[in-house]
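Q: Below are the structure tokens for one structure; questions will follow.
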Amino acid sequence: MSVVNLSAAVASTPMKLFSLPSLRAGLRWSLWGLFNALALYLVLALYAQQQLAFALLGLVVTGIASYVFISRRAYAHRYIYPALAGMLVFVIFPLLYTVGIGFTNYSGSNLLSFEQVQRYHLRQTYLAGERYAFSLHRDEAGELRLRVDKGERGAFVSPPLVGDATGDAAGEPLALRAEREPGELGEALALREVIQRRAELEQWVLRGSDGELLRLYGLREVAAVKPLYRLLENGDLLNTRSNERLEPDHTTGFYLDSHGNKVAPGFTVFAGTSNFTRVLTDPSIRGPFLEIFVWTVAFAGLTVLFTLAVGLVLASLLQWDLVRGKAFYRLMLILPYAVPAFISILVFRGLFNQNFGEINLLLNGLFGMRPDWFSDPTLARSMILMVNTWLGYPYMLLLCMGLLQAIPRDLYEASAMDGATPLDNLLKITLPLLIKPLAPLLIASFAFNFNNFVLITLLTRGGPDIIGATTPAGTTDLLVSYTYRIAFQDSGQNFALAAAIATLIFLVVGALAWLNLKLSKVKV
């Protein structure tokens, strides 16, 4: 029996300070800490910029990510969470944000918050004294100083323009002192350097020898200015020149003077369902909206019908045994699908030009007519349908060619023996066998054309306009282009009204997507 000296064996074995599992755990926690630190910094930066919605979004996404990637109970979810986070950031959040804007008065005249508008008014000043020429100098220490020339009363020099731009260390305006000797500051800086520092110079307040406050007044002068408004205890603003009070109206989002007039700029307030009500009840908006809605549905439906008809006919011809050179025809017919749509649309815009387009030149030569493709509503809509059919038929052609080859040839041979006509084959064999697998794809095509923004924008830009509409609305506008014009092309840029219409569009498109899922029998 041998005796083992355990203490010697332990002493001879080198101690492992860091095993592989502990190293992995250390790296894992280090990455987790670094990720959360960066995310927290981003959230705080957004919060400091008063972007509360985006800060909350970052906090939610980061918090869920930390739990999913750390918790063992959520191990299976960590592989699908990146896709879920992308859906949350790029789909759900913008959707909820848009719906939220629809319940406000957010527009080009109501962009700011109440606090920002209040600060804007409090920063307004008016000229309350004389104006003096100034020059900007850099002294021997490299610090900037202002030299104010008061004519016969002499010249005055400011302290160095360093630190807080609102004044000196105590928050007081910078006191000017009399220039001790001419030229003590050296050469004045060029005007271009004054222009470069204009935003900085506008922040400085100087106190003259008579106690007046001087601010920048143009690029060559400073002037005695006074604050135009003073904040009262109840939140109203008092005009220091006219003693008129401005009261904030949180229903309209504007300060109102004593006569009830709105004082710009406005601020964003909660408007309830007024935008949705306005779309549905205001005749000047409801009329164009309903007209555009009907045209949008008709455009999407007719586009699907025409592209399917053309694609099915051409696919059937390519299945005909007597046709030779099918590969060449197939290539030529699919070729429009290979050309980028925006190029084809711009080409058609030139072809349909009323004065110089080749189509009108041809029609004028043959029939002596020059249709007004871009000024007549009916012709403009017809032109859009023709162009979109050209752009969309290759997709239907590809679908129909594949599905036609799946139909057993025995069915057509049996129908021929029974004396069936080609129309009978189409209605009783081809269409019943095609329509079921095509239905989900047709609905998807309908939903795509429902929001075909590129076609309308590049071809007609929504024109011709609907007469009497108070919003920018055209007879060829789709709902999506109509919304875009309200949000970004109207003089008022009514984002809230556009968001309300976008919400209604989402409900319609969402219903179509749900119908698509039901018809395709996809379980969700």
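The values are calculated or read from the model by the stated rules, or taken from the named source; none is laboratory data. None of these values were measured; they are calculated from a predicted model. Counting neighbours? That spans all protein chains shown, and the Cβs are built from the backbone with ideal geometry, glycine included. Note: accessible area is taken over every heavy atom of the protein model, side chains too, but ligands, DNA and RNA are not part of it. Shrake-Rupley method; radii C 1.70, N 1.55, O 1.52, S 1.80 Å.
Q: For every other residue with a beta carbon closer than 12 angstrom to the beta carbon of LEU176, add +1 if it is Lys or Arg and -1 if Asp or Glu, then tell me the sum. Show your work: numbers first, answer last.
A: Working: positive: ARG145, ARG147, LYS150, ARG153, ARG177, ARG207; negative: ASP149, GLU179, ASP210, GLU212.
Summing Lys/Arg as +1 and Asp/Glu as -1 gives +2.
Q: Expressed in nm to one decimal, what extension gain is obtained for the pair LEU507 and ARG330 from 0.36 nm per residue of sequence separation less their Cα-Cα distance? Walk me through the numbers before you get to the answer.
A: Details: separation 177, 0.36 × 177 = 63.72 nm, distance 3.91 nm.
Full extension from LEU507 to ARG330 adds 59.8 nm.
Q: Please list 26-34, 52-60 highest first by mean number of surrounding beta-carbon atoms within 10 Å per residue. Please report the intermediate quantities before stating the final value.
A: Numbers: 26-34: 11.0, 52-60: 15.9.
Top of the packing list down: 52-60, 26-34.
Q: Rounded to the nearest 10 degrees, what's the angle between the helix 326-338 long axis and the longest principal axis of the chain, both from Cα atoms, 0 to 90?
A: Approximately 20 degrees, to the nearest 10.
Q: Kindly express, to the nearest 10 degrees and within the range 0 to 90, the angle between helix 358-367's C-alpha long axis and the longest C-alpha principal axis of the chain.
A: Taking Cα atoms only, the helix is inclined about 50 degrees.
Q: With every protein chain left in place, what is the accessible area of ARG370 in Å² (1.4 Å probe, nearest 10)?
A: About 90 Å², rounded to the nearest 10.
Q: Still on this structure, I have one more. Beyond 19 Å, how much of the Cα-Cα pair distribution for segment 378-524 remains, as a whole percent? Provide the component values of the computation, followed by the final result.
A: Working: 7098 of 10731 pairs.
Considering segment 378-524, 66 percent of its Cα-Cα pairs are separated by more than 19 Å.
Q: May I pose another question? Express in % the proportion of alpha carbon pairs of segment 275-431 at distances exceeding 29 Å. List each step's numbers first, then the result.
A: Numbers: 5080 of 12246 pairs.
So the pairs more than 29 Å apart make up 41 percent of the total in segment 275-431.
Q: Tell me, what ³J(HN,Hα) does each residue in segment 235-244 have, in order and in whole Hz, if you take phi through Karplus 6.51 cos²θ - 1.76 cosθ + 1.60 with θ = phi - 60° and put x for Gly and Pro?
A: Each residue of segment 235-244 in turn: x, 6, 10, 10, 6, 6, 8, 9, 6, 8 Hz.
Q: List the residues, sorted by chain then number, that are 5 or more residues from THR240 or on another chain and whose placed amide H is less than 5 Å from its amide H.
A: TYR229, ARG230
Q: What are the ³J(HN,Hα) couplings of segment 187-199, residue after residue, when phi is run through the Karplus curve with 6.51, -1.76, 1.60 and θ = phi - 60°? Round to Hz, x for glycine and proline.
A: Per residue, the Karplus-derived 3J(HN,Hα) values read 6, 6, 6, 5, 4, 4, 6, 5, 5, 4, 9, 4, 4 Hz.
Q: In what order, largest first, do ARG78, ARG72 sit by accessible area if the probe radius is 1.4 Å?
A: Numbers: ARG78 45, ARG72 200 Å².
Descending order: ARG72, ARG78.
Q: What list of ³J(HN,Hα) values in whole Hz, one per residue of segment 95-103 in order, does the Karplus curve 6.51 cos²θ - 1.76 cosθ + 1.60 (θ = phi - 60°) give from phi, with Gly and Pro shown as x?
A: 5, 5, 5, 5, 4, x, 5, x, 9
Q: Does segment 64-163 come out rounded, prolate or oblate by the C-alpha gyration tensor, with a ≥ b ≥ c the root eigenvalues, rounded set by a/c under 1.5 and, if not, prolate when a/b is larger than b/c and oblate if not? Intermediate results must be reported in sequence, preceding the final value.
A: Numbers: a/c = 5.87, a/b = 2.28, b/c = 2.57.
Oblate shape, in that a/c is at least 1.5 and b/c is the bigger or equal ratio.
Q: Tell me the relative contact order for the chain as a rounded percent, counting alpha carbon contacts under 8 Å between residues six or more apart.
A: On the way: 660 pairs, mean separation 76.0, N = 524.
Normalised by residue count, the contact order of the chain is 14 percent.
Q: Collect residues whose amide H, placed 1.01 Å from N in the peptide plane, falls under 5 Å from the amide H of GLU221; neighbours closer than 5 in sequence don't count.
A: Amide H neighbours of GLU221: PHE134.
Q: With a 1.4 Å probe and all protein chains left in place, how much accessible area per residue does the chain have, in Å²? Each step should come with its number before you reach the end.
A: Working: 31620 Å² over 524 residues.
Value for the chain: 60 Å² per residue.
Q: Protein chains only, probe 1.4 Å: how do TYR337, TYR106 rank by accessible area, largest first? List each step's numbers first, then the result.
A: Values: TYR337 115, TYR106 70 Å².
Listed by decreasing accessible area, they come as TYR337, TYR106.
Q: For ALA175 and GLU212, compute 0.36 nm times the residue count separating them, minus their Cα-Cα distance, and round to one decimal in nm.
A: On the way: separation 37, 0.36 × 37 = 13.32 nm, distance 1.00 nm.
Separation in residues times 0.36 nm, less the Cα-Cα distance, equals 12.3 nm.
Q: Taking 0.36 nm per residue of separation and subtracting the Cα-Cα distance, what length does fully extending LEU362 through LEU127 add? If you can, show how the numbers build up before the last one.
A: Working: separation 235, 0.36 × 235 = 84.60 nm, distance 6.78 nm.
Taking LEU362 through LEU127 to full extension adds about 77.8 nm, to one decimal.
Q: What is the distance, in nm, between label points placed 7 Å from the Cα along the Cα-to-Cβ direction at MET369 and at THR252?
A: Reported label-point gap for MET369 and THR252 is 5.3 nm.
Q: Compute the long axis of helix 431-450 from its Cα atoms, compare it with the longest principal axis of the Cα atoms of the chain, and write down the angle in degrees, 0 to 90, nearest 10.
A: Result, in degrees: 20.
Q: Average projected area of the Cα convex hull of segment 148-292, in nm²?
A: 15.4 nm²
Q: Diagonalise the Cα gyration tensor of the chain and give the resulting equivalent ellipsoid semi-axes, square root of 5 times each eigenvalue, largest first, whole Å. Could you put the intermediate results ahead of the total?
A: Values: eigenvalues 803, 385, 123 Å².
Result for the chain: semi-axes of 63, 44, 25 Å.
Q: Using 1/(1 + (r/R0)^6) with R0 = 22 angstrom and r between the beta carbons of ARG28 and ARG73, what's the FRET efficiency to the nearest 0.05? Spell out each step's value before the answer.
A: Details: r = 16 Å, r/R0 = 0.75.
Step by step, r from the Cβ atoms, then E = 0.85.
Q: Could you calculate the FRET efficiency of GLN49 with TYR97 from 1/(1 + (r/R0)^6), where r is the beta carbon distance between them and R0 is 22 Å, rounded to 0.05?
A: Working: r = 16 Å, r/R0 = 0.73.
E(calc), rounded to 0.05, equals 0.85.
Q: Here is a follow-up. Pop out the carbon and sulfur fraction of the accessible area of segment 423-466 as a percent, whole number, probe 1.4 Å.
A: The nonpolar share, carbon plus sulfur, comes to 73 percent.
Q: Peptides 174-182, 425-433, 391-399: what's the order by average Cβ count within 10 Å, highest mean first? Present the calculation step by step, with values, prior to reporting the outcome.
A: Numbers: 174-182: 12.8, 425-433: 14.8, 391-399: 21.8.
Ranking the peptides 174-182, 425-433, 391-399 by packing returns 391-399, 425-433, 174-182.
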